[in-house]
Every structure is written in structure tokens, then in C-alpha cells.
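To start, the structure itself, in C-alpha cells.
The values are calculated or read from the model by the stated rules, or taken from the named source; none is laboratory data. Note that this is a predicted model, so its numbers are computed, not measured. Cβ placement follows ideal geometry from the backbone for every residue including glycine, while neighbour counts extend to all protein chains displayed. These accessible areas exclude ligands, DNA and RNA; they are computed on the full protein's heavy atoms, side chains included. Shrake-Rupley method; radii C 1.70, N 1.55, O 1.52, S 1.80 Å.
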Amino acid sequence: MNRASALPAPDFVEQQPDEPRRPSLSERARAAVAPPAAGPGGYMAGLNPEQRQAVEATEGPVLVLAGAGTGKTRVLTTRIAHLIATGKAWPSNILAVTFTNKAAREMKERIAALVGPAGEGMPWLGTFHAIGTKVLRRHAELVGLRSDFTILGVDDQLRLLKQVITADGIDEKRWPARALASFIDGWKNRGLQPKEVPPGEAASFANGRGAALYTAYQERLKTLNAVDFGDLLLECLRLWRDNPDVLEQYHNRFRYILVDEYQDTNVAQYLWLRLLAQARKNLCCVGDDDQSIYGWRGAEVDNILRFEHDFPGATVIRLERNYRSTGHILAAASGLIARNQDRLGKTLHTEDEPGDKVTITGAWDSEEEARLISEEIEAIQARKERLSEVAVLVRISAQMRELEDRFVQLGLPYRVIGGPRFYERAEIRDALAYLRATAQPADDLAFERILNVPKRGLGEACLQRLHAHARAARVPLMQAARYLAESDEMKPKPRKALRDLMASFDRWRSLMDRTAHHDLAAQILEESGYTDMWQKEKSADAAGRLDNLKELVRSMEEFPDLAAFLEHISLVMDANETEGQDRVSIMTLHAAKGLEFDTVFLPGWEEGLFPNQRALDENGRAGLEEERRLAHVGLTRAKKRARIYFATNRRVHGLWNTTVPSRFIDELPEAHVEVTEAPAAYSAGRASRFEGMTPFGSSYATPGWQRAQARAASGGGFGASQWTQAAGMADEDSRGGFSDDGYSGRWGDGSSRSRYNEGFGTSTRGPRKGPGGRSGPMLIEGEILAKSTGAPSAYEIGNRVLHLKFGPGTVAAIDGNKLTVDFDKAGRKMVLDSFVERAG
DNA sequence: TATCGCGGTATTTTT
DNA sequence: TACCGCGATA
């Protein structure tokens with residue numbers, strides 16, 4: 001429904017690229033009727049002085065350092081409105097770049113709200129990649145492509161690389177395609193074409209074959225008329241450098257350039273912007289060096305740190321007034337980030353009240369941590385606060401599972417944000433491959449992908465044969481297939497399968513101009529046996545996949561034809577957000593950037609996990625600082641409450657490890673933080689306050705679960721300082737040598753750390769198997785009972801149901817709103833009926 | 001050609 | 001522990 005507006009409108013009515021576009025009639029009429037007003041009550045209303053300055057400094061290079069919650073997007077959108085309102089530029093003269101489709105969409109909406117109805121405004125507002133695509137499609141022939149080039153997803157890219165590697169006679173097991181992909185991505189991020197790769201780096205893959213493989217890969221892409229994500233920027237650079245006249249067109253067109261999240265730009269993007277901005281120099285970059293968390297993906301904090309140097313005479317404006325968080329939260333976050341050396345430095349302040357202090361809570365293990373969090377959330381729920389204002393932000397997705405398990409048991413509604421993107425999902429890419437193969441018979445990658453999906457007996461052997469023939473005859477795979485289906489080179493069975501498949505493609509292709517493209521898509525998925533394949537599959541996510549396919553078909557209606565759909569699909573499809581329901585959000589810290597919640601839970605603040613050992617090992621101080629920025633991002637997501645947790649024991653790759661609280665905890669300014677008392681329910685062991693609290697505590701003779709209780713009870717007894725003392729030795733080491741030694745023992749390799757944990761069993765097969773062991777099930781049972789309403793269930797024994805996590809199953813017994821279900825895959829479980837739906 | 005079981009591996013992931 | 005990808009099997 002709002003997907004229509006969610007997808008950037010296909011730009012069918014573009015003007016000629018040569019001259020700056022004249023405003024359309026409606027644009028002129030609208031401007032005449034309702035000019036946005038800058039005065040009181042106008043678009044400038046409510047801006048603070050710095051924000052206003054950022055809006056009005058239209059000429060020359062401008063860097064807006066916008067701290068978390070300081071109204072960054074507001075400035076950006078108002079600035080665009082201002083440019084338009086003052087007649088300095090038409091919407092089509094403004095280039096506004098974002099990183100995500102979501103950000104682009106939001107900006108579009110907000111601008112529409114400021115300057116007038118949506119519709120044709122801002123044709124050049126979009127992601128780097130979307131705009132790069134648009135540019136390339138216009139000048140494709142100048143970089144050796146056709147304008148209908150396809151954009152490869154990561155999986156296509158990997159398959160292609162695998163082929164390239166094997167074709168070079170290299171053992172793909174020793175030199176995996178994934179590794180090469182990350183090399184190539186790295187080079188592309190830095191704007192390097194194959195011949196520009198430093199020899200030393202090229203040598204590090206497959207005994208010096210790196211650069212050659214990169215070259216071969218690029219050649220394969222050109223043959224296939226395809227590009228990968230990196231090329232969308234890289235090819236623009238090549239285009240503009242080799243064709244000054246084309247670059248000049250864009251200089252004339254883009255009179256003002258705005259960039260969102262500048263701290264996340266990589267070298268290629270920097271070069272891209274510099275080329276475009278060099279003529280008029282009206283470049284406005286908005287960002288926050290303290291929120292740069294994508295260094296590992298090629299983002300260069302340096303771009304923002306060097307801005308004044310790169311663009312001489314730049315105006316730098318700092319937005320430091322925070323409109324989001326209460327005082328203590330902001331002060332805690334500021335105190336933490338102040339420890340970073342590589343930063344331009346901002347001091348956030350708020351006029352809001354101090355509010356609650358940031359809390360720190362220690363838990364015995366990750367299970368208890370999940371329990372404490374879920375209990376707090378239940379309290380929030382009981383207070384009738386909205387769950388959509390609550391988020392749990394984790395460092396790594398592996399942390400999510402325990403939380404999810406817990407939430408499922410309690411019946412707490414949650415949603416996981418992130419995960420695989422809609423268009424990256426296997427079923428979507430398969431469906432797209434069918435459509436591509438139908439619309440573009442020369443699309444070998446697409447054809448190869450679906451040749452044996454669903455299984456039709458056309459396996460590896462058949463594919464090899466097709467390849468051989470295609471290569472020999474220099475024709476696309478599809479054509480080779482057609483030939484082989486008629487020749488007698490193949491055994492009867494596969495031959496018939498191939499012939500049937502080709503007949504199907506012919507039929508679909510003949511329907512293309514007679515059938516609505518979305519109906520055709522549905523028909524293709526049906527007749528190819530693809531939907532059948534998932535219907536037969538009994539796994540938990542099969543139903544979801546079928547839904548996704550339906551969603552895909554539905555979203556096609558928004559486009560005029562198949563070609564238009566395929567052109568835009570790879571860049572703009574978003575995960576279908578099931579909004580509207582009141583749920584707790586669980587996501588990684590990375591995914592949380594740009595969001596805000598009343599209450600934010602931050603579990604897992606432990607050395608090794610957060611800051612992450614690997615980040616430390618691989619990037620030393622820079623890695624540590626990026627982790628610290630991540631912590632800062634996490635804290636600044638909170639409007640009213642931020643709660644930090646750490647667990648003393650956590651299972652890593654299946655082994656139990658004893659952990660030390662994160663150094664970030666000790667780095668928080670004490671005045672704005674409090675260490676929580678354990679909830680009354682767990683105060684049974686209060687006396688044993690000093691037991692079980694250190695990683696090498698004396699209490700290991702006590703059964704695990706008892707220690708957990710004691711530990712929780714003593715929660716308030718030891719502040720950060722006590723921890724520092726208790727864990728002093730480990731702490732010192734971990735601080736000293738994060739890049740090479742001391743505590744370097746990689747997490748999960750107990751060897752070098754066991755000296756801190758003598759007798760404790762750093763890595764065991766489960767510390768909690770003592771008598772009484774897991775008191776868990778009992779407790780859980782109790783909770784389920786407590787929540788049971790006793791109301792008659794809507795289900796009957798024998799009903800087929802579908803569960804969020806466990807997949808399809810049959811109801812075996814009913815007790816109020818509790819169901820006992822025999823799941824096809826997961827076995828017998830007891831679940832709340834609100835967690836299942838009827839399976840058709 | 002499909003399936004089983006073994007071993008290796010295990011951050012973060014805007015496009 | 002859990003998953004994935006590959007090689008050995010039927």
C-alpha cells in the first residue's frame with residue numbers, strides 16, 4: 001500500500017541529460033501558487049541558530065557535524081526546501097545522496113511535506129548506488145555496457161568468482177571465492193581498478209594471482225553485461241574521468257550537492273563526490289564522526305576528519321544540542337566517546353531534564369541476562385508503555401537467540417530487525433532469475449541459477465555440457481540448451497526435462513506482451529514448479545518464503561512493465577516491514593543507527609564480545625575506537641532509559657566462557673551511572689555478596705543455579721570499581737595489548753586465559769548441570785501458567801498450525817490458551833496459542 | 001543425481 | 001553448539 005511511495009518512482013519522464021532541466025509546467029505553477037515561506041511559521045520555524053546557519057550557508061563547501069539526535073535530517077531537508085524556495089535551484093538541480101533507500105525515502109517524504117505535494121520533486125535524491133545506476137544507464141555504452149545491464153547480488157557475484165577461480169586452475173578450496181570477493185570489494189571501495197591494485201596486495205591472494213583474477217572477473221562481467229555494487233560507483237568514476245564532456249553535463253546539472261551520513265563514505269564515494277563538486281564547490285556534507293561504525297566495510301572516517309583540508313575554505317558547523325535523550329544518558333554517552341582520540345570533538349548538551357541514570361546490571365550468565373531483560377520489559381508492558389518504544393541492541397546476532405527463546409517462552413511480542421534483506425533471500429533471487437531468464441534470454445547467470453531449481457534432474461553434468469557447448473558456439477546458455485534439447489548428445493531423461501523447460505520459457509516469452517507482467521510472474525512461478533517446491537517443503541520458514549513470493553508479485557504491480565521492474569529491483573526492494581504491531585525490537589547495534597526508543601537494553605557488555613576481540617585483533621586502537629563509537633551509538637538511541645548488562649558466563653561456539661565486564665563500563669562517567677540492585681525476587685542470597693562475583697571466585701563448589709541467584713542478589717554490591725579491582729589483572733592485560741598479546745587469547749580458546757580462572761573451568765560443557773541444575777523449566781512452566789487466561793482456545797486437537805519459530809505442526813492437546821503441538825521438525829512443544837496461526 | 005554425514009568454522013553488512 | 005559446504009555413498 002504505502003509501498004508505492006516506498007519505491008522510488010521510476011524515472012520514465014526524464015529530461016535530456018545535456019542541459020539543465022527546465023521546470024515542468026506543474027512545478028512552475030506550484031511554485032507560483034504556494035511558495036514555501038521562510039518567515040515565522042514557515043519552513044525555518046523552530047530551528048536553533050546553528051541549524052539555521054547550516055540551512056542558510058548554501059554556497060561553497062560546508063561540513064555539518066551533527067551529533068546524535070541534533071536534528072540532522074531536519075537540517076538536510078530544510079536546506080533543500082530553502083534552496084528551492086529562494087529560487088537558487090530547481091529540484092532537478094539538487095543532488096542529494098544517502099546510504100540507504102530508507103533514508104532516501106524518508107527524506108523525500110519530509111521534503112514533500114515542506115515544499116509541496118509529492119510527485120515529481122527531487123529526481124536526484126537517492127542512494128549513491130541508485131544514482132550511480134541512473135547515470136550509468138544513460139551512458140552505458142561509454143563504459144562498455146548496454147543500458148539494460150543487470151546488477152549482480154552477492155550470490156551471483158560469488159558464483160561468478162568461483163567460475164573465474166576454477167577457470168584459472170586454482171584450487172577453490174584453498175582460495176575461496178568469498179575471500180577473493182572481499183579483496184575485490186576492498187579494492188573497489190578504494191576506487192581501484194584492476195591495474196591500479198598495489199602489487200603487494202594483489203600478491204596476497206592465490207600466490208599473486210589476485211589482480212589477474214580481478215581483471216578476469218571484470219571481463220566476465222562485461223561479457224555478461226553485468227555489474228556488481230562496487231561497479232556502480234567505480235564505472236561512474238571511469239565514465240567521468242574519460243569523458244570530460246559528460247562530467248560537464250553533470251556539473252551543469254548539479255548546482256548543489258548534499259550528502260547524508262558523510263562519515264560512512266568510502267574512498268570511491270569520496271572521489272565520486274569530488275569529481276561532481278569540483279566545478280561549483282557547493283557541497284554540503286552532513287555527518288558525525290562519532291557515529292562512524294562501518295570502517296570494516298570500507299568507510300573512511302578520514303573523509304570527514306579531512307574535510308576542511310580537502311575542501312579549502314569550508315564552513316564547519318557543529319550541531320550540539322540534542323533533542324532526544326535525557327541528561328544522564330547524554331552525559332554518559334558523551335563521557336564515553338570523549339575517550340576516543342580520532343575525533344573532531346563535539347560536546348552534546350540538552351535542555352531536557354536529567355532523567356534516569358544509565359543502569360549497569362551484572363548477571364551470572366547470558367540466560368539470566370535474558371531473564372532480567374525480559375522481566376523489565378514485562379514491567380514496562382504492565383505500565384502500559386508501548387513495546388514499540390523498547391529495543392534490545394546486541395553486538396552480534398548470535399546474542400539474539402537466547403533473547404528470542406526467552407521472549408517466545410514468555411509470550412512477549414518481538415520483532416527482529418535486520419537479517420537477510422528481502423531481495424537477497426534465496427526465493428526472491430530465484431524468482432527474479434526466472435523473470436530475468438524470460439525477459440533476457442542472454443542472461444546466463446539467471447538461467448544457470450534456475451536450471452535445476454526446482455530439481456528436475458538437470459545437475460552438474462548437464463550444466464557442464466551446456467557450458468561447453470555455449471563456449472564453443474559462442475552463444476548464451478539458453479541457446480545452447482535449446483540446441484542440446486534437440487540433439488542426441490544427452491540421455492533421454494535430462495533431454496526431456498530440458499526440452500520441457502525450454503518449451504516453458506518459449507510459452508512465457510510469448511505471453512509477455514499479452515499478459516500483465518505480475519500475472520505472468522505468478523504463472524511462471526506456478527508452472528515452473530517453483531511454488532510447489534516450497535509448498536512441499538515442511539521447514540519452518542517455507543510459509544514465510546511463499547509469503548515473500550506473493551509480496552514480490554504484488555509489488556510488481558507498481559511498475560509499468562517487467563523491464564522497468566527488473567531495472568529497479570536489485571537496488572530498491574526493502575524487507576517488508578510488518579509495522580503497526582506493538583512489539584519489542586531486537587537488532588544489532590549497527591542496525592540501530594538512526595533509530596530511537598524510549599527504553600534501550602544493551603546486553604553483552606563484556607570484554608571480547610564488546611569491544612569485540614576480533615575488531616581489536618585486526619585493527620588495534622582504530623578497532624577499539626570504532627567499538628567505542630558503537631557503544632556511543634547504542635546509548636544515544638535511548639530517549640529515557642538506557643540499561644547496560646553483562647554476564648559473567650557466556651557460551652561461545654558452544655563452550656562456556658568466563659568473561660570480564662567491558663572496559664566501556666568503567667569508562668562511563670560515574671555521576672551518570674548507577675549499578676542496580678537486584679530485583680527483590682532474587683535477593684535470597686544477599687549475604688553471599690562476595691561469592692560468585694569474580695571470574696575466579698571461591699564459590700564454584702556451589703551448583704551453578706544457586707550461584708546465579710547469589711550473583712543476581714549481589715548485583716548492587718559491586719560497582720564498576722570493585723569489578724576493576726577484582727578483575728584487575730585481567731583488565732590490565734586486556735587494556736595493554738589489544739593487538740598482540742597478553743590477553744590475546746582469542747575468545748573461545750581458553751588456553752591463555754585459564755590462569756585467571758583456575759578451578760573454574762573456563763570452557764566447559766555446561767556449568768549448570770548441578771543438582772537442581774536447570775531450574776529453568778519449572779520457572780518457565782510457572783510463567784506460562786501465570787499468563788494463561790483459561791479462556792477457551794480457538795484451536796482444536798488435530799488442527800494444523802504454523803508457529804513463528806517451530807514451523808508447521810499438529811495440535812496434540814489444549815489447555816486454555818496453551819497448546820501442546822507436535823511440530824513436524826521441532827518435535828513436541830508447549831506454546832501459547834497467540835504464537836501460532838492456522839496452517840492452510 | 002540426491003542424500004547423508006563429516007569437518008571446518010563461527011562479527012558487524014547501508015548497496 | 002549449530003550451520004554450511006563438500007565428498008562419499010546409494
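Remarks
- From the list A:Leu344, A:Leu330, the one residue that fits, being assigned to a loop (DSSP other than H, G, I, E, B), buried (at least 16 other Cβ atoms within 10 Å of the Cβ) and either of a type outside the set (Ser, Thr, Tyr) or in the same structural domain as A:Asp289 (by the TED database) (or both), is A:Leu344.
- Selection from the stretch A:253-297 of residues that are open to solvent by 10 Å² or more (accessible area, probe 1.4 Å), more than 21 Å from A:Glu308 (Cβ to Cβ) and touching an Asp or Glu at 6+ places or on another chain (Cβ under 7 Å): A:Tyr294
- Qualifying residue in the stretch A:246-255 (condition: within 16 Å of DNA strand B (Cβ to nearest atom) and at pLDDT 95 or above): no
- Set A:Arg209, A:Arg178, A:Arg174, A:Arg190: member being within 22 Å of A:Leu234 (Cα to Cα) and surrounded by fewer than 15 Cβ atoms within 10 Å (Cβ to Cβ): A:Arg178
- Considering the stretch A:298-320, and only residues there that are crowded, with 23+ Cβ neighbours inside 10 Å and among the β-branched types (Val, Ile, Thr), the residue that is modelled with the lowest pLDDT turns out to be A:Val301.
- In the stretch A:600-618, the qualifying residues are those that are surrounded by fewer than 23 Cβ atoms within 10 Å (Cβ to Cβ) and touching an Asp or Glu at 6+ places or on another chain (Cβ under 7 Å), and the one that is farthest from A:Gln399 (Cα to Cα) is A:Ala615.
Residue-wise test of (1) surrounded by fewer than 20 Cβ atoms within 10 Å (Cβ to Cβ); (2) out of contact with any Phe, Trp or Tyr (no Cβ under 6 Å at 6 or more places or on another chain); (3) at pLDDT 95 or above.
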site: A:Thr531; (1), (2), (3): no, yes, no
site: A:Glu551; (1), (2), (3): yes, yes, no
site: A:Thr578; (1), (2), (3): yes, yes, no
site: A:Gln581; (1), (2), (3): yes, yes, no
site: A:Glu625; (1), (2), (3): no, yes, yes
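- Residue under evaluation A:Arg507, criteria (1) open to solvent by less than 40 Å² (accessible area, probe 1.4 Å); (2) within 30 Å of A:Phe149 (Cβ to Cβ), criterion not met: (1)
- Scanning the stretch A:627-659 for residues that are touching a helix residue (DSSP H, G or I) at 6+ places or on another chain (Cβ under 6 Å) and either within 16 Å of DNA strand B (Cβ to nearest atom) or open to solvent by 10 Å² or more (accessible area, probe 1.4 Å) (or both) yields A:Glu627, A:Arg629, A:Leu630, A:Ala631, A:His632, A:Val633, A:Gly634, A:Arg637, A:Arg650.
- Residue in the stretch A:234-245 that is of a type in the set (Phe, Trp, Tyr), over 29 Å from the mean Cα position of the chain (by Cα) and open to solvent by less than 30 Å² (accessible area, probe 1.4 Å) present: yes
- Hits in the stretch A:57-81 - residues which are open to solvent by 20 Å² or more (accessible area, probe 1.4 Å) and not in a loop (DSSP other than H, G, I, E, B): A:Lys72, A:Thr73, A:Arg74
- Counted residues, the stretch A:433-462 - those being away from DNA strand C (no atom under 16 Å from the Cβ) and open to solvent by 10 Å² or more (accessible area, probe 1.4 Å): 9
- Of all residues making up the stretch A:446-499, the number that are under 19 Å from A:Tyr530 (Cβ atoms) and of a type in the set (Gly, Ala, Ser): 5
- Reported count of residues in the stretch A:394-403, each being assigned to a helix (DSSP H, G or I) and open to solvent by 30 Å² or more (accessible area, probe 1.4 Å), is 4.
Residue-wise test of (1) within 11 Å of DNA strand B (Cβ to nearest atom); (2) of a type in the set (A, V, I, L, M, F, W, C).
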position: A:Asn101; (1), (2): yes, no
position: A:Met107; (1), (2): no, yes
position: A:Gly116; (1), (2): no, no
position: A:Leu142; (1), (2): no, yes
position: A:Phe149; (1), (2): no, yes
position: A:Ala179; (1), (2): yes, yes
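- In the set (1) more than 16 Å from DNA strand B (Cβ to nearest atom); (2) of a type in the set (A, V, I, L, M, F, W, C); (3) surrounded by 21 or more Cβ atoms within 10 Å (Cβ to Cβ), A:Ala391 fails one condition alone, (1).
- Screening A:Arg465 with (1) open to solvent by 50 Å² or more (accessible area, probe 1.4 Å); (2) under 30 Å from A:Glu385 (Cα atoms); (3) within 16 Å of DNA strand B (Cβ to nearest atom) gives one miss only, at (2).
- Verdict on A:Tyr323 being in contact (Cβ under 8 Å) with a residue 60 or more places away in the chain, under 28 Å from A:Thr70 (Cα atoms) and buried (at least 23 other Cβ atoms within 10 Å of the Cβ): no
- Exactly one residue out of A:Phe99, A:Phe149, A:Phe128, A:Phe183 is touching a strand residue (DSSP E or B) at 6+ places or on another chain (Cβ under 8 Å) and farther than 30 Å from A:Ile80 by Cα: that is A:Phe149.
- Hey, A:Gly620 within 14 Å of DNA strand B (Cβ to nearest atom) and modelled with pLDDT of 95 or more or not: no
- Residue in the stretch A:472-481 that is within 16 Å of DNA strand C (Cβ to nearest atom) and not acidic (Asp, Glu) present: no
- Pairs where the first residue, in the stretch A:176-192, is at pLDDT below 90 and the second is open to solvent by 10 Å² or more (accessible area, probe 1.4 Å), C-beta under 6 Å, 6+ apart: A:Ala177/A:Leu158; A:Ala177/A:Lys162
- Positions within the stretch A:359-388 being among the aliphatic types (A, V, I, L, M), surrounded by fewer than 22 Cβ atoms within 10 Å (Cβ to Cβ) and within 26 Å of the chain's Cα centre (by Cα), in sequence order: A:Leu387
- Criterion violated by A:Gln163 - all others in (1) in contact (Cβ under 8 Å) with a residue 12 or more places away in the chain; (2) more than 26 Å from A:Asn303 (Cβ to Cβ); (3) open to solvent by less than 60 Å² (accessible area, probe 1.4 Å); (4) within 16 Å of DNA strand B (Cβ to nearest atom) satisfied: (4)
- Of the candidates A:Gly144, A:Gly116, A:Gly121, A:Gly169, the single residue that is more than 24 Å from A:Glu424 (Cα to Cα), open to solvent by 10 Å² or more (accessible area, probe 1.4 Å) and without any contact (Cβ under 8 Å) to a residue 12 or more places away in the chain is A:Gly169.
- Single condition A:Glu369 does not satisfy, out of (1) at pLDDT 95 or above; (2) within 28 Å of A:Glu626 (Cβ to Cβ); (3) not in a helix (DSSP H, G or I): (3)
- Test: residue in the stretch A:386-408 that is within 30 Å of A:Met556 (Cβ to Cβ) and of a type outside the set (S, T, N, Q): no
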